[in-house]
Amino acid sequence: MSLFTWKDAYSVGHPAIDGQHKRLFQFADKLHSAMESGKGRDVLNQTLEDLVLYTKQHFAAEEKLMQQHQYPEYPQHKAEHDALTQKVGKFQQDFAAGKVVLTIELLQFLKDWLSHHIGEIDIKVGKHLQQQTN
């Protein structure tokens with residue numbers, strides 16, 4: 001059973017952002033599946049790299065939308081993105097260097113972060129964008 005299952009409750013009401021969020025869940029699920037099935041370190045490393053790269057692309061797109069629509073909580077939101085990017089980047093480097101292993105606890109952290117960030121933080125962005133376009 002996957003840790004990363006998309007729920008309609010995560011929808012922020014913006015098709016591009018929702019599509020990107022669904023894709024993040026797919027990448028995270030792929031990482032979880034690779035870990036559970038005992039895939040080799042190279043496969044796990046590449047899957048983690050794909051997730052990190054896509055996350056950075058998503059954050060950049062979301063931040064651009066927030067700036068274009070003068071989202072008032074942009075600085076705080078960007079700070080959350082930056083903190084996760086830094087944390088995951090450090091983990092990725094340590095994993096590639098063999099200093100840490102991929103654990104279910106890390107995946108649970110990622111799931112909790114995605115659920116919280118999308119369900120509580122990004123939902124505000126979605127509402128703001130809907131108000132701006134109406």
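When you scan region 57-75, do you find a residue that is among the basic types (K, R), within 17 Å of the chain's Cα centre (by Cα), under 18 Å from D18 (Cα atoms) and exposed (fewer than 12 other Cβ atoms within 10 Å of the Cβ), even just one?
Yes - at least one qualifying residue is present in region 57-75.
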message: Condition check: surrounded by fewer than 12 Cβ atoms within 10 Å (Cβ to Cβ), among the β-branched types (V, I, T) and under 24 Å from H32 (Cβ atoms). Does T103 satisfy that?
response: yes
message: Within region 123-134, does at least one residue satisfy the condition of being among the hydroxyl-bearing types (S, T, Y) and assigned to a helix (DSSP H, G or I)?
response: yes
query: What are the residue pairs meeting all of these: first residue in region 70-92, first residue under 13 Å from H117 (Cβ atoms), second residue assigned to a helix (DSSP H, G or I) and at pLDDT below 95, Cβ atoms under 6 Å, and 6 or more apart or on different chains?
result: V88/V52
message: Yes or no: region 26-35 includes at least one residue that is over 17 Å from S2 (Cβ atoms) and surrounded by fewer than 17 Cβ atoms within 10 Å (Cβ to Cβ).
response: no
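The values are calculated or read from the model by the stated rules, or taken from the named source; none is laboratory data. None of these values were measured; they are calculated from a predicted model. Using ideal geometry, Cβ is built from the backbone for each residue, glycine included, and neighbour counts are taken over all protein chains shown.
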